[in-house]
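Contents: one structure, followed by commentary.
The values are calculated or read from the model by the stated rules, or taken from the named source; none is laboratory data. None of the values given here were measured: they were computed from a predicted structure. For neighbour counting, all protein chains shown are included, and Cβ atoms are generated from backbone atoms with ideal geometry for every residue, glycine included.
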Amino acid sequence: MKPAPFEYFAPTSVEETCALLAHYSDDAKILAGGQSLVPLLALRLAQPAVLIDINPVRELDYIQASDAGLSIGARTRHRTLERSPVVREQFPLLSAAVEWVGHPQIRNRGTVGGSLVHADPAAELPALALALDATFTVVDSSGSRRTLKSDEFFVSFLTTALDTGELLREVSFPALPVGSGWSFMEVARRHGDFALVGVAATVTLDNARTCTGAHIALFGVGETTVRSRSTEQALIGQKPDEQVIAVAASEVVNDIHPLSDIHATAAYRKYVARNLVEQALTEAVQRAR
Amino acid sequence: MASKKQLIELTVNGVRREGLAEPRKTLADFLRDDLELTGTHLGCEHGVCGACTVMVNGEAVRSCLMFAVQANGQEIITIEGIATGGKLHPVQEAFWECHGMQCGFCTPGFVMSVYAFLTENPDPKEEEIRPALSGNICRCTGYQNIVNAVRLAAEKMREASAAPVPASIME
Amino acid sequence: MAVSGSVIGNYVGASVKRVEDPRFLTGQGRYVDDLKFPNMAHAAFLRSPYSHARITVDASEARALPGVVAVFTAADLVGVVNPIQIDASLPGAKSLPHTALTSDKVRFVGDPIAMVVADSRYIAEDAIDLIQVDFDPLPPVPSLDVALDPASAPLYEEVGDNIAYHDTFTYGDIDGAFSAADRVLTETFRQHRYINVPMETRGGVATYDTSTGELTYYAATQSHNAMRFFLGAQLNLPGHRIRVIAPDIGGAFGLKFGVYREDILVAAAAMQTGRSVKWIEDRRENLTAGGHAREDTLTLEAAVKNDGTILGLKVRMILDAGAYQVTPLNPALFTTIVRLVLPGPYRFLSYAFDATVVTTNKAPYVAYRGPWAVETWVREGLADIIARELGLDPVEVRRKNILTKEEQPYKNAVGLTIERISARETLERAVELADIPRFREEQKRLRADGRVVGFGLATFIEPAPGGADYMAMLGGAKEPAIVKIEPTGHVTAYTAQVPHGQSHETTLAQIVATELGVPFEHVKVVHGDTQMGPFSLFGTGGSRAATMASGAALFATREVKKQVLQIAGAMLEASPDDLEIVNSTISVSGVPQKAIPLAQIAMLVYLAPTNLPPGSPTELVAMYAYDGGEGGWAQATHCCWVEIDPRSGKVEITRYLVVEDCGTMINPAVVEGQVCGGTAQGIGGVLYEHAIYDENGQFLTSTFMDYLVPTAMEIPPIEIDHLETPAISPVNFRGVGEGGAICAPPAIINAISDALGVKITEQPLTPTRILELMGAISVEK
């Protein structure tokens, strides 16, 4: 299984990358970690004429933490995220989730940006972006930037809102409000596989233990990762006890349109989504302080 | 139709090597064909089985998912570089003593993954061992003796803390 | 658990460290893809994306691509490669003649249409993309059910339908058994299709000497002799002008026994182009076209008494053989073995068997680690169903039916003599270790908490190699070995085995060293080259080696030892009967000062023969062809405990126990490794692995993303307890390679059935299916 021929460039800066994108446009694909792209090339399911390898673009490899939140350069490896003490401390949801991404060898090369732009609906990071209200900073071939919110970024199956010639620079996660708890759960056929169904959830409670905010993102349940607004609405303004959580979780089927494939049926995914959301909410509420 | 070959210069098992390859040639194929280091094996060529695992700049990676041109200027360690001075590394010894292989085809990939794992985590908890192995597939052993080998290797490496380390890692 | 060495002298029974390992550990193994020859070219195949279609091919653009040496279609090989027609002498079996490359039609997704030979595999694949094929689709035959329909489009027009074999057999008094029954239970078991998946795919390197007309084929093959024989027939090459060499092989599990169309084609490519040609199947090819296994449906009618005794069994078996027959085994043969082995250790004597093999638009059916395994599943599944229906303890049903020691030797339903089996004993020992009553208490408690837990077991025997009559039924082939003492007193043992994970380089050396009385390190085992070593068509497979190859090596060693003792006796002025060899020294028993080193004897024989008495051998070598002696069966009972998460349908195996008896263990670590590996494949088959076709015959599981092989996270620790039927002859070793894969599936399925409280007669049991069986979700059509 050998890839078809391509021209190869290895820019060392964002500027250089953008120039290449401007020149080659539709004919080019960005090569980051390669853990998703290279298998497609090997199977000849993708045959780009040009590969732009951004691994040497070190300026996109960073984790910046502040009181306001976390900014991660697109070329930051999953492993860097996994090993980062500041992420573990400030964003335990991210640390917990990144351990589910494939296997150690995949995390050594795979990048945060790559995973987000690949936008596999059964992948972990896109769901995290929704659960944490991420902002995406994108740069176009002329160098000008724009930002996208998480609910704009994932458009359809393996498709984001990036235009041809645009490069993802950075994803930033605002700090969770005080009183927030989190949970991450996934059901997969085997350890490290893409999810059959997964949930990334945050819940915010005020001093009276009333829910003031909730983000419930599901993956593996349709063409893109999706937030269950029905579930969120069923929580906000309530004190989430067992009963409230159960009712809220049952709302999730309104917001997901899972498909059947060889690994699970749609009926399976709906059933498990409901159970998983219930478990995740229970855990998130317990963690909320 | 093919694209122009590029010069690749890299360090493999402490030795400076070079070759010419098209950009689409994988690192795995470059190591096997051009550098004639055939210990790294191809089990799937789509990044699942781990038979092609090598170290790139100290990290275990799937060499079938990298292109040789990406390894230009990098430091690679393959299975051929794990034993030093004719002496097996504790990981290799442990696999041998624990009957951790049968057909041997997945073994280089496992040894590299275990080597990387124990270098980072010299005293692993029992529940950390199987997840560390989950990126490599074996069809012969049922994994039992491989898990035993990891435990024994950790013990050996802790005991002989002066265990020889491949030269390039020391820089 | 470190593997120990042993006292010099008796290596049998010791977990000696393997001699294979150093080269594997350091990357010095030489597998087919590691071989390189000057000016070597690479082959790749254009394979059909359609399941059933007529085709016309235009390879002109591909031929013009720089770097392409040749492109072959079927038309180019007429007269070079003979049409393929495998043996169909089994009554009721048909042969399905075909060509190595497809001529006018394709019959499955993956069917090889053209072969490209190029300077690199990369260029070969580029050329494949340039070959133009016109496909005129035909109605698909995507399943066993469609194949049985006489109106289905025949894959082979000359056959007329999709039935490739049918025959019926009756034993005992079926009518009597069924009229005496208290109950008749009818069940249909559907065994799904899955794949051997060795870590090394298929492949070979062919080199052809144009000046001598000699072909050398380096192949990942389980039988170098079979490969040589059949390549010669297909390529019109005289037998002495072919050499086959099996280098290190990265696993096979039955897949690499066949002589494939690709093998024939790659050899032909070397002959036609004059260059050496390498072909390595990639994983997508391997999963799509390498061959699939196990897909059978069996309907059982059981005549039973209320106490669980099985009086008689009617079986209807249908095997889905896919689109082609793989040289040399007609898939009908697998139904024969299922028929013969299905009674297993059970007593019933009335038995009817109706066997059908169908052709479908799928990859060819190949042997996979205990290819008859379905018989253990349906019998052990049936035993549990009988227990459930009649309100009996599953263990009691086994006790009612499994032969006791006192009954043996016992002529079973198909006329095979069952003797010296310990299936019953493995069951009792397993029951003892399992403490089932305690589990039932715990199960009650956990169920009250909403948890879903279960226990299941299965007992089986396997012909490893089978009794003397079974071996005779399958052709009675002897297994040869040659043992030679070198001029330096070291030993070379030549086997016809082709190890690919079975540790023969170590185990056979253990036997030879022990038998001769030399250090283990002084013995080298040579295998895999048709130019040297003895002939056997079988090679390695079928759990024969432990008995057959070990026996051959043992008796050949005894012969050569006699030669040594004869000479030593003359030199020491003692009777050979009074001599012993210990640590390479021949001495008079009890008189250590009267001694001669083996090396000295060897040197005299080879270099100074005039010093020896007249009539002394001029070489120290012996060949022995072993008939298996009394043969024998291996047996085990597998126990499985599961917990199922009702929220996700995921199955966790919380404990797994095997009690096995393979006679004397040559190397306990090797035995346990085989049991673990086989069991892991059984677990994979039940819970994860499935080769899936859709209703158009499109293949859906062609990568490791879709075909799920278990990792270390999915396989539990396996406890193993050993029983050892005592020896009555020098060869008390039974095969153990296949047992794990045979007995694990029913143990796991019975446990899941127990956990859910529902009858289960299907595989695989995916999380979706589990939830459907629990009634938690509705079945999707």
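Only one of these is more than 10 Å from every other protein chain (Cβ to nearest Cβ) and not aliphatic (A, V, I, L, M): B:Lys25, B:Lys5. Name it. Even if it seems obvious, please write down each step before you answer.
Details: B:Lys25 fails: more than 10 Å from every other protein chain (Cβ to nearest Cβ).
Matching residue, one of B:Lys25, B:Lys5: B:Lys5.
Restricted to segment B:48-77, and to residues there that are in contact with a strand residue (DSSP E or B) (Cβ under 8 Å, 6 or more places away or on another chain) and either assigned to a helix (DSSP H, G or I) or at the interface with chain C (Cβ under 7 Å from one of its Cβ atoms) (or both), the residue that is nearest to C:Ala252 (Cα to Cα) is B:Cys64. Of all residues in segment A:89-106, which are within 11 Å of chain B (Cβ to nearest Cβ), part of a helix (DSSP H, G or I) and closer than 19 Å to A:Arg189 by Cα? Passing the criteria: A:Pro104, A:Ile106. Within the option set C:Gly673, C:Gly684, C:Gly678, being part of a helix (DSSP H, G or I), within 11 Å of another protein chain (Cβ to nearest Cβ) and in contact with a Pro (Cβ under 7 Å, 6 or more places away or on another chain) holds for one residue only, C:Gly684.
Considering C:Ala355, C:Ala383, C:Ala367, the condition of being among the hydrophobic types (A, V, I, L, M, F, W, C) and part of a loop (DSSP other than H, G, I, E, B) is satisfied by C:Ala367 alone. Of all residues assigned to segment C:386-404, at least one qualifies as being of a type in the set (A, V, I, L, M), surrounded by fewer than 23 Cβ atoms within 10 Å (Cβ to Cβ) and in contact with an Asp or Glu (Cβ under 7 Å, 6 or more places away or on another chain). Cβ-Cβ distances below 6 Å connect the following pairs, each with a first residue in segment B:61-82 that is at pLDDT 95 or above, a second residue that is surrounded by fewer than 24 Cβ atoms within 10 Å (Cβ to Cβ) and of a type in the set (D, E, K, R), and a separation of six or more residues or different chains: B:Ala68/B:Lys25. Being under 26 Å from B:Tyr143 (Cβ atoms), at pLDDT 95 or above, at the interface with chain C (Cβ under 8 Å from one of its Cβ atoms) and not in a loop (DSSP other than H, G, I, E, B) is a description that does not apply to B:Glu45.
Just to be sure, is C:Ala423 crowded, with 18+ Cβ neighbours inside 10 Å, closer than 19 Å to C:Gly663 by Cβ and not assigned by TED's automatic domain parsing to the domain that holds C:Arg558?
Yes; evaluated as a whole, the condition is true for this residue.
Only one entry in C:Lys561, C:Lys650 is of a type in the set (D, E, K, R), buried (at least 17 other Cβ atoms within 10 Å of the Cβ) and within 28 Å of C:Pro480 (Cβ to Cβ), namely C:Lys561. Of the residues making up segment A:1-12, none is among the hydroxyl-bearing types (Ser, Thr, Tyr) and either crowded, with 20+ Cβ neighbours inside 10 Å or at pLDDT below 95 (or both). For segment C:720-769, the set of residues classified as assigned to a loop (DSSP other than H, G, I, E, B), within 14 Å of another protein chain (Cβ to nearest Cβ) and over 24 Å from the mean Cα position of the chain (by Cα) consists of C:Thr766 only. Hey, does segment A:181-198 have a residue that's farther than 25 Å from A:Ala266 by Cα and assigned to a strand (DSSP E or B)? Looking for residues that are farther than 25 Å from A:Ala266 by Cα and assigned to a strand (DSSP E or B), one finds at least one in segment A:181-198, hence yes.
Screening the candidates A:Leu41, A:Leu20 for the property of being in contact (Cβ under 8 Å) with a residue 12 or more places away in the chain, more than 11 Å from chain B (Cβ to nearest Cβ) and surrounded by 19 or more Cβ atoms within 10 Å (Cβ to Cβ) yields one hit, A:Leu20. Given the structure, is A:Ser228 more than 27 Å from C:Thr701 (Cβ to Cβ), in contact with a Leu (Cβ under 7 Å, 6 or more places away or on another chain), polar (S, T, N, Q) and more than 14 Å from chain C (Cβ to nearest Cβ)? It is true that A:Ser228 is more than 27 Å from C:Thr701 (Cβ to Cβ), in contact with a Leu (Cβ under 7 Å, 6 or more places away or on another chain), polar (S, T, N, Q) and more than 14 Å from chain C (Cβ to nearest Cβ).
Look at (1) surrounded by fewer than 21 Cβ atoms within 10 Å (Cβ to Cβ); (2) within 14 Å of chain B (Cβ to nearest Cβ); (3) within 30 Å of B:Ala154 (Cα to Cα) and you find that C:Gly13 fails only one, number (2). Total residues in segment B:79-111 satisfying the condition of being part of a loop (DSSP other than H, G, I, E, B) and more than 7 Å from every other protein chain (Cβ to nearest Cβ): the figure is 5.
Residue-by-condition table, conditions (1) modelled with pLDDT under 95; (2) in contact with a Leu (Cβ under 7 Å, 6 or more places away or on another chain); (3) within 23 Å of C:Ser729 (Cβ to Cβ):
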site: C:Phe538; (1), (2), (3): yes, no, yes
site: C:Ala556; (1), (2), (3): no, no, yes
site: C:Glu559; (1), (2), (3): no, no, yes
site: C:Gly590; (1), (2), (3): yes, no, no
site: C:Tyr606; (1), (2), (3): no, no, no
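Identify, from the list C:Pro22, C:Pro91, the residue that is at the interface with chain B (Cβ under 10 Å from one of its Cβ atoms) and more than 23 Å from A:Met1 (Cβ to Cβ).
Details: C:Pro91 fails: at the interface with chain B (Cβ under 10 Å from one of its Cβ atoms).
Every option except C:Pro22 fails the conditions.
Of all residues in segment C:281-340, those satisfying the criterion of being within 14 Å of chain B (Cβ to nearest Cβ) and among the hydrophobic types (A, V, I, L, M, F, W, C) are C:Leu287, C:Ala293. A single member of A:Thr231, A:Thr204, A:Thr164 is in contact (Cβ under 8 Å) with a residue 40 or more places away in the chain, among the β-branched types (Val, Ile, Thr) and in a strand (DSSP E or B), and it is A:Thr204.
The set of residues in segment C:26-47 being over 25 Å from the mean Cα position of the chain (by Cα) and more than 30 Å from C:Phe72 (Cβ to Cβ) consists of C:Thr26, C:Gly27, C:Gln28.
Listed by position, the strands (runs of 3 or more DSSP E) enclosed by segment C:99-186 that each have at least 3 residues that are at pLDDT 95 or above and surrounded by fewer than 19 Cβ atoms within 10 Å (Cβ to Cβ) are C:132-137, C:163-171. Of the helices (runs of 4 or more DSSP H) contained entirely in segment C:396-495, those carrying at least 2 residues that are touching a residue at least 60 places away in the same chain (Cβ under 8 Å), of a type outside the set (Lys, Arg) and touching a Leu at 6+ places or on another chain (Cβ under 8 Å) fall at C:423-434, C:468-473.
When C:Ala147, C:Ala93 are checked against the criterion of being not assigned by TED's automatic domain parsing to the domain that holds C:Arg316 and not β-branched (Val, Ile, Thr), C:Ala93 stands alone in meeting it.
Looking across segment A:106-121, the residues that are among the polar types (S, T, N, Q) and in contact with an Asp or Glu (Cβ under 8 Å, 6 or more places away or on another chain) come down to A:Asn108, A:Ser115. Does C:Thr201 fit the bill of being touching a residue at least 12 places away in the same chain (Cβ under 8 Å) and outside any loop (DSSP other than H, G, I, E, B)? So C:Thr201 does not fit the description; no. Of the numbered criteria (1) farther than 28 Å from C:Asn162 by Cα; (2) crowded, with 20+ Cβ neighbours inside 10 Å; (3) out of contact with any Lys or Arg (no Cβ under 9 Å at 6 or more places or on another chain), the one C:Leu96 fails is (1).
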